[in-house]
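Undergrad: Below: one structure in structure tokens.
The values are calculated or read from the model by the stated rules, or taken from the named source; none is laboratory data. Note that the structure is a prediction, hence the values are computed from the model and not measured. Because the Cβ atoms are built from the backbone with ideal geometry, glycine has one as well, and the counts that use them run over all protein chains shown. SASA here: full protein model, heavy atoms, side chains in, ligands and nucleic acids out. Shrake-Rupley method; radii C 1.70, N 1.55, O 1.52, S 1.80 Å.
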Amino acid sequence: MKALPKDPLNILVAGVGGQGNVMLAQIMGQALVMEGFFAVVGDTFGAAQRGGSVASHIRISKDTEYSSIVPKGQADFILGMEPSETLRVMGVYANPNTQVIVNPRVVLPPTVISGADTYPDIDEVLAAIERHSSRLWIVHATEQAMNLGNRLYANTILMGATLGTGILPIGRDSVVEIYKERFADPKLYRANIEALDLGISLTREA
Amino acid sequence: MTDIDIHAPGRVELLLGNEAIARGALEAGVGFISGYPGTPSSEIIPTIAEIAKRNNIYAEWAANEKVAMEAAAGASFAGIRSMAVMKQNGINVALDFIGNLQMTGIKAGMVVLVADDPGPLSSSNEEDTRIVAKWMDFPLLEPCCAQEAKDMTKWAFEVSEQCGLICMVRTVSRIGHTRANVKLGELPEAEKKAYYKDTWNMYHPTKGIHCTVGGFDAGLHPGKIKKFATVKDLFVKAPQEFNWYTGPDEPELLIITSGVAYTYSKEALKMLKLEDKVGILKLGTTWPLPEEMVEKNLRNTDKILFVEELEPFLERNVMELAANVPSGTRHSNFHGMRSGHMRGYGDVNVDLVIDAVLKIVGGTYEPRDMTYGSEIEKLAKAAPVRPWELCPGCPYRPFFWTVKTALQIDGRDGFSLVDVGCYTLGAFNAGYWQGRTTHAMGSSLGVACGLGKLQQFGFSQPILAMVGDSTFFHASIPALVSGTWNNANFIAVVMDNSATAMTGHQPHPGLSTTVMGDTARAISIEAVCRSMGCRVEVCDPFDMEATKNIILDLLSDDSGVKVLIVRRLCELVRARIEKKPPFKMHVDPEKCIGEDCGCARLCTRVFHCPGLMWDEKAGKAMIDEVMCAGCGVCADICPKGAIIKEAA
């Protein structure tokens with residue numbers, strides 16, 4: 001079992017319902033259990049359906065089970081699948097030592113499209129995230145996924161990017177094993193491994 | 001979904017709480033499981049159904065919770081261990097039966113699994129079902145995590161069998177919908193054999209049969225009290241891991257807690273570094289209370305804090321018990337909801353427990369640097385609200401649009417009543433603010449039975465009372481019968497998207513496949529309504545013009561209850577089957593003249609399907625190719641015909 005920098009280690013995956021963050025958090029949880037940790041994966045959400053704000057909470061411990069929701073200000077790492085959702089989650093859970101990955105691709109709510117609400121300036125959002133995190137990785141996951149041929153690979157790229165930072169105490173092998181079970185179609189499996197490795201390369205220290 | 005029947009005792013798996021419950025039932029040798037889908041219990045029955053046949057189990061969705069409970073009791077009477085699964089509020093539907101069932105008792109172990117939703121995180125209200133256990137006299141187990149959910153579910157069958165009463169396992173969303181480590185146990189190999197054998201004899205007419213008829217029940221109530229009294233002994237022998245005390249011998253403060261509130265309490269003390277001063281009495285068997293254990297711990301302290309969600313259940317029951325505890329020189333100071341240290345609504349969290357503890361023992365806690373905290377909180381407010389929205393391609397969006405149009409044309413201030421399902425959103429922006437009431441399942445039709453009989457008081461506003469297809473079978477038919485028989489004047493709208501959509505597309509009696517994948521005789525909604533003599537119309541909500549004309553015609557018909565079946569498959573189900581959109585949509589930039597049109601951005605501002613975008617630079621509408629489901633409806637919304645649909 002790898003050493004934990006802190007017990008519990010608190011991870012949040014922030015996004016919009018339909019982006020796949022619940023699935024991503026589940027894969028992280030499975031990998032953690034495979035490597036011998038106690039993992040608790042819970043969610044907080046606004047409206048429980050497509051288009052609502054969703055944050056998955058992952059609490060990792062060597063020897064005990066924690067509650068399913070990270071207490072205020074106690075996030076160690078935030079994986080942000082959407083910029084404004086990353087900021088929203090930081091408002092409650094971040095502290096000056098929180099490290100963050102953010103996918104800068106914006107998802108607009110219908111109220112913004114209809115003109116009833118506004119989305120903040122994206123550069124200001126990213127600057128605010130950078131100022132309030134101890135380390136920020138901007139990972140253009142959606143853009144990179146489109147280059148691979150399908151925006152759905154964005155999740156896998158972000159999974160890889162998380163592995164690349166070395167913050168999560170799991171190795172590439174565990175995730176690969178889970179993908180093997182999950183993607184029965186060999187073509188799909190290979191594409192996801194390619195996306196995973198691309199993600200790892202985006203954040204791994206040279 | 002994880003296959004929960006791997007026989008690997010000792011192996012640790014990451015399981016959803018609801019999967020852990022299913023595994024617990026499996027380890028107990030459950031043979032029969034019935035329920036009705038809903039948050040936060042929906043996954044339990046499909047998880048078992050998936051592996052049912054190869055494990056000789058029968059799993060089903062019942063039309064509602066009362067029938068589920070009755071069916072499970074039937075299996076128990078014939079010697080098969082059974083479980084009834086109740087969503088949040090579900091047990092209310094079954095209470096009439098439960099009150100009687102507790103009088104006769106059961107035979108093989110019968111567990112009722114209730115899943116409450118403190119918060120509420122995704123329900124219409126937040127009930128605390130624990131009170132039902134006290135009211136109806138049955139043993140209550142409250143797990144604090146997925147592992148305990150599995151272990152308690154398994155043990156609950158033993159408890160039920162030994163006391164002859166149903167045993168309740170009460171979980172909450174934060175357990176059922178959380179994934180955590182679960183260590184698997186042994187799977188039984190016992191054969192399941194069903195046979196009803198009564199032990200009736202003339203000297204003990206109520207023993208051995210299951211009747212609560214009139215004079216027969218004279219012996220039943222005392223019998224139930226006697227049975228319930230045995231539960232105390234059973235709970236004293238409860239596995240030690242369900243009830244325990246942790247902390248100093250004479251704590252400065254004693255927290256008494258159960259369920260997920262225990263995990264918050266434990267963590268709060270760890271964060272405050274108060275574990276050597278404050279103790280925790282964690283209870284898993286919460287009704288009846290393990291009295292001696294509680295009394296012993298009360299004697300060791302004079303300050304007590306109850307940490308629990310929703311109702312002051314432990315608080316009241318422990319205080320009731322404390323009235324009889326010889327206190328010596330000590331005087332117990334109780335803190336909880338009564339004192340305002342805890343709130344009687346919403347879910348608890350670590351921070352709320354920290355606040356309550358510090359109010360009693362003194363001290364301060366800052367979760368993070370204060371300047372940082374106030375800055376980031378302010379910045380986070382810029383994140384836009386993401387309101388409730390119907391999915392792109394949802395058949396309900398064009399239907400609510402058409403209802404709004406038809407009621408405006410009609411001009412008599414008609415209005416709609418919505419019900420429990422995706423179409424609840426009809427009461428909000430997503431459904432153009434059409435719904436005026438929503439309560440329990442089927443209540444829209446019941447409320448319409450009243451509104452539809454007010455003509456003698458001068459009431460003439462038209463009423464559209466909407467229920468979903470699954471809700472129709474669940475609890476709407478009696479209201480339809482009542483309204484039809486009493487000649488109430490309203491339009492009953494059945495929103496038939498051929499799935500129990502909001503809770504995850506479970507099958508219902510209108511469909512031809514069961515949860516176990518067997519072929520079923522689908523029940524026709526039209527035939528049910530026509531059998532009552534109602535006028536029945538069927539429309540396709542994507543054909544907005546025809547739908548509008550049918551609604552207008554029904555609005556002009558004053559002959560009692562009329563039924564409109566709005567039929568179109570849920571888009572999420574359709575997409576899963578057909579794998580591609582029906583149409584490829586685009587906006588013709590020549591035809592869309594933007595703000596100059598005079599339509600005031602009807603498509604993106606008023607119709608506001610998430611698949612439509614507004615290109616600020618070009619000042620024209622556009623299609624969001626990622627979100628658009630290709631339903632083609634918006635092509636009929638645009639007054640200039642600028643939204644084009646082409647066969648995909």
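Undergrad: Please pick out the residue among B:Thr171, B:Thr153 that is among the hydroxyl-bearing types (Ser, Thr, Tyr), surrounded by 20 or more Cβ atoms within 10 Å (Cβ to Cβ) and part of a helix (DSSP H, G or I).
TA: B:Thr153
Undergrad: Now for a different question. Might you let me know whether segment B:343-350 holds any residue that is in contact (Cβ under 8 Å) with a residue 12 or more places away in the chain, under 28 Å from the mean Cα position of the chain (by Cα) and away from chain A (no Cβ under 14 Å)?
TA: Just the residues of segment B:343-350 that are in contact (Cβ under 8 Å) with a residue 12 or more places away in the chain, to begin with: B:344-350.
Going one step further and asking which of them are under 28 Å from the mean Cα position of the chain (by Cα), we end up with B:344-350.
Right, trim to away from chain A (no Cβ under 14 Å) and you get B:344-345.
Looking for residues that are in contact (Cβ under 8 Å) with a residue 12 or more places away in the chain, under 28 Å from the mean Cα position of the chain (by Cα) and away from chain A (no Cβ under 14 Å), one finds at least one in segment B:343-350, hence yes.
Undergrad: Additional query: Which one is least open to solvent (accessible area, probe 1.4 Å) among residues in segment B:39-59 that are in contact with an Asp or Glu (Cβ under 9 Å, 6 or more places away or on another chain) and polar (S, T, N, Q)?
TA: Per the stated criteria, the residue is B:Thr47.
Undergrad: Scan (1) open to solvent by less than 30 Å² (accessible area, probe 1.4 Å); (2) more than 7 Å from chain B (Cβ to nearest Cβ); (3) touching a residue at least 40 places away in the same chain (Cβ under 8 Å) for the single condition A:Val100 breaks and write down its number.
TA: Every listed condition holds for A:Val100 apart from (3).
Undergrad: Can you pull out every residue in segment B:288-303 that is assigned to a helix (DSSP H, G or I), in contact (Cβ under 8 Å) with a residue 24 or more places away in the chain and closer than 30 Å to B:Lys154 by Cα? Break it down stepwise before answering.
TA: Of segment B:288-303, the ones assigned to a helix (DSSP H, G or I) are B:291-299.
Keeping just the survivors that are in contact (Cβ under 8 Å) with a residue 24 or more places away in the chain gives B:291-295, B:297-299.
Across segment B:288-303, the qualifying residues are B:Glu291, B:Glu292, B:Met293, B:Val294, B:Glu295, B:Asn297.
Undergrad: I'd like the residue in segment A:12-21 that is surrounded by fewer than 23 Cβ atoms within 10 Å (Cβ to Cβ) and assigned to a loop (DSSP other than H, G, I, E, B) and, out of all such residues, is farthest from the other protein chains (Cβ to nearest Cβ). Full working, then the answer.
TA: Let us first name the residues in segment A:12-21 that are surrounded by fewer than 23 Cβ atoms within 10 Å (Cβ to Cβ), namely A:16-18, A:20.
Then keep just the ones that are assigned to a loop (DSSP other than H, G, I, E, B); that gives A:17-18, A:20.
Values: A:Gly17: 8, A:Gly18: 9, A:Gly20: 13 Å.
It comes out as A:Gly20.
Undergrad: Give me a count of the residues in segment A:22-80 that are free of Cβ contacts under 8 Å to residues at least 40 places away in the same chain, more than 7 Å from chain B (Cβ to nearest Cβ) and open to solvent by less than 10 Å² (accessible area, probe 1.4 Å).
TA: 1
Undergrad: Can you report the number of residues in segment B:351-364 which are within 8 Å of chain A (Cβ to nearest Cβ) and either in a loop (DSSP other than H, G, I, E, B) or among the aromatic types (Phe, Trp, Tyr) (or both)?
TA: Counting residues in segment B:351-364 that are within 8 Å of chain A (Cβ to nearest Cβ) and either in a loop (DSSP other than H, G, I, E, B) or among the aromatic types (Phe, Trp, Tyr) (or both) gives 0.
Undergrad: Next question. What pairs come up if the first residue lies in segment B:615-638 and is farther than 20 Å from B:Lys580 by Cα, the second is in a loop (DSSP other than H, G, I, E, B) and open to solvent by 40 Å² or more (accessible area, probe 1.4 Å), and their beta carbons are under 6 Å apart, counting only those six or more places apart or on different chains?
TA: Every condition considered, the pairs that remain are B:Lys620/B:Pro589.
Undergrad: Right, next: If we scan segment A:81-90, do we find a residue that is among the acidic types (Asp, Glu), more than 19 Å from A:Gly17 (Cα to Cα) and facing another protein chain (nearest Cβ under 10 Å)?
TA: To start, the set of residues in segment A:81-90 that are among the acidic types (Asp, Glu) comprises A:82, A:85.
From what is left, the residues that are more than 19 Å from A:Gly17 (Cα to Cα) are none.
No.
Undergrad: Among the residues of segment B:328-342, is any under 27 Å from the mean Cα position of the chain (by Cα), charged (D, E, K, R) and either open to solvent by 60 Å² or more (accessible area, probe 1.4 Å) or farther than 18 Å from B:Ile304 by Cα (or both)?
TA: No; the residues of segment B:328-342 include none that is under 27 Å from the mean Cα position of the chain (by Cα), charged (D, E, K, R) and either open to solvent by 60 Å² or more (accessible area, probe 1.4 Å) or farther than 18 Å from B:Ile304 by Cα (or both).
Undergrad: Could you check how many residues of segment B:368-408 are within 7 Å of chain A (Cβ to nearest Cβ), crowded, with 18+ Cβ neighbours inside 10 Å and assigned to a helix (DSSP H, G or I)?
TA: The qualifying residues number 4.
Undergrad: So A:Leu9 ticks every box in (1) open to solvent by less than 10 Å² (accessible area, probe 1.4 Å); (2) within 12 Å of chain B (Cβ to nearest Cβ) but one. Which box is left unticked?
TA: (2)
Undergrad: Quick test of your reading of the structure: B:Ser443 fulfils all but one of (1) open to solvent by 10 Å² or more (accessible area, probe 1.4 Å); (2) under 19 Å from B:Gly393 (Cα atoms). Name the failing condition by number.
TA: Looking at each condition in turn, B:Ser443 falls short on (2).
Undergrad: Which residue is least open to solvent (accessible area, probe 1.4 Å), if the candidates are limited to segment B:425-439 and must be of a type outside the set (S, T, N, Q) and over 19 Å from A:Gly51 (Cβ atoms)? Before you say what the answer is, go through the steps one by one.
TA: So in segment B:425-439, the residues of a type outside the set (S, T, N, Q) come out as B:425-428, B:430-433, B:435-436, B:439.
Now drop any that are not over 19 Å from A:Gly51 (Cβ atoms), which leaves B:435-436, B:439.
Values: B:Gly435: 8, B:Arg436: 143, B:His439: 111 Å².
Once the filter is applied, the top-ranked residue is B:Gly435.
Undergrad: Okay, next question. Take segment B:601-636 and flag every residue that is farther than 24 Å from B:Pro541 by Cα and not aromatic (Phe, Trp, Tyr).
TA: If we filter segment B:601-636 for residues that are farther than 24 Å from B:Pro541 by Cα, which is where we start, we get B:614-620.
Result: B:Asp615, B:Glu616, B:Lys617, B:Ala618, B:Gly619, B:Lys620.
Undergrad: Scanning for something of a type in the set (A, V, I, L, M, F, W, C) and open to solvent by 30 Å² or more (accessible area, probe 1.4 Å), does segment A:148-162 turn up at least one residue?
TA: Yes: one or more hits.
Undergrad: Would you kindly identify the strands (runs of 3 or more DSSP E) lying entirely within segment A:52-165 that contain at least 2 residues that are of a type in the set (S, T, N, Q) and modelled with pLDDT of 95 or more? Break it down into steps so the answer makes sense when it comes.
TA: Details: elements: A:53-61, A:77-80, A:99-102, A:135-138.
Output list reads A:53-61.
Undergrad: Shifting gears a bit: I'm checking my understanding of the structure. Among residues of segment B:435-494 that are free of Cβ contacts under 8 Å to residues at least 24 places away in the same chain and part of a loop (DSSP other than H, G, I, E, B), which one is farthest from B:Glu526 (Cα to Cα)?
TA: The residue in question is B:Gly458.
Undergrad: Taking the residues in segment B:84-141 that are part of a loop (DSSP other than H, G, I, E, B) and small (Gly, Ala, Ser) as candidates, determine which candidate is surrounded by the fewest Cβ atoms within 10 Å (Cβ to Cβ).
TA: B:Ser124
Undergrad: Given the options B:Gly641, B:Gly630, B:Gly611, B:Gly598, name the one that is surrounded by 14 or more Cβ atoms within 10 Å (Cβ to Cβ), on the phi > 0 side of the Ramachandran plot and small (Gly, Ala, Ser). Walk me through how you get there before you give the answer.
TA: Working: B:Gly641 fails: surrounded by 14 or more Cβ atoms within 10 Å (Cβ to Cβ); B:Gly611 fails: on the phi > 0 side of the Ramachandran plot; B:Gly598 fails: surrounded by 14 or more Cβ atoms within 10 Å (Cβ to Cβ).
The match here is B:Gly630.
Undergrad: May I ask you to list the residues in segment B:523-568 that are part of a strand (DSSP E or B) and closer than 21 Å to B:Arg397 by Cβ? Spell out the reasoning first.
TA: Residues of segment B:523-568 that are part of a strand (DSSP E or B), as a first pass: B:535-539, B:561-567.
Within segment B:523-568, B:Glu537, B:Val538, B:Cys539, B:Leu564, B:Ile565, B:Val566, B:Arg567 meet the criteria.
Undergrad: On the basis of being crowded, with 22+ Cβ neighbours inside 10 Å, over 26 Å from B:Ser42 (Cβ atoms) and small (Gly, Ala, Ser), does B:Ala546 make the cut?
TA: Numbers: crowded, with 22+ Cβ neighbours inside 10 Å: no; over 26 Å from B:Ser42 (Cβ atoms): yes; small (Gly, Ala, Ser): yes.
Answer is no for this residue.
Undergrad: With the condition kept exactly as written, say whether any residue in segment B:34-49 is in a helix (DSSP H, G or I) and either of a type outside the set (A, V, I, L, M) or within 11 Å of B:Ala146 (Cβ to Cβ) (or both). Explain how you work it out, then say what you get.
TA: The initial filter retains those residues of segment B:34-49 that are in a helix (DSSP H, G or I), namely B:44-49.
Retained after the next criterion (residues that are either of a type outside the set (A, V, I, L, M) or within 11 Å of B:Ala146 (Cβ to Cβ) (or both)): B:46-47.
Scanning segment B:34-49, I find at least one residue that is in a helix (DSSP H, G or I) and either of a type outside the set (A, V, I, L, M) or within 11 Å of B:Ala146 (Cβ to Cβ) (or both), so the answer is yes.
Listed here are the residues, each with its yes/no results for (1) among the aliphatic types (A, V, I, L, M); (2) assigned to a helix (DSSP H, G or I).
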residue	(1), (2)
B:Lys282	no, no
B:Thr286	no, no
B:Leu305	yes, no
B:Glu309	no, no
B:Met319	yes, yes
B:His331	no, no
B:Gly340	no, no
B:Asp347	no, no
B:Glu366	no, no
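Undergrad: Tally the residues that are without any contact (Cβ under 8 Å) to a residue 24 or more places away in the chain and assigned to a loop (DSSP other than H, G, I, E, B), restricting the search to segment B:572-589. Can you show your working first?
TA: In the first step, residues of segment B:572-589 are kept if they are without any contact (Cβ under 8 Å) to a residue 24 or more places away in the chain; the result is B:576-579.
Going one step further and asking which of them are assigned to a loop (DSSP other than H, G, I, E, B), we end up with B:579.
So the count comes out to 1.
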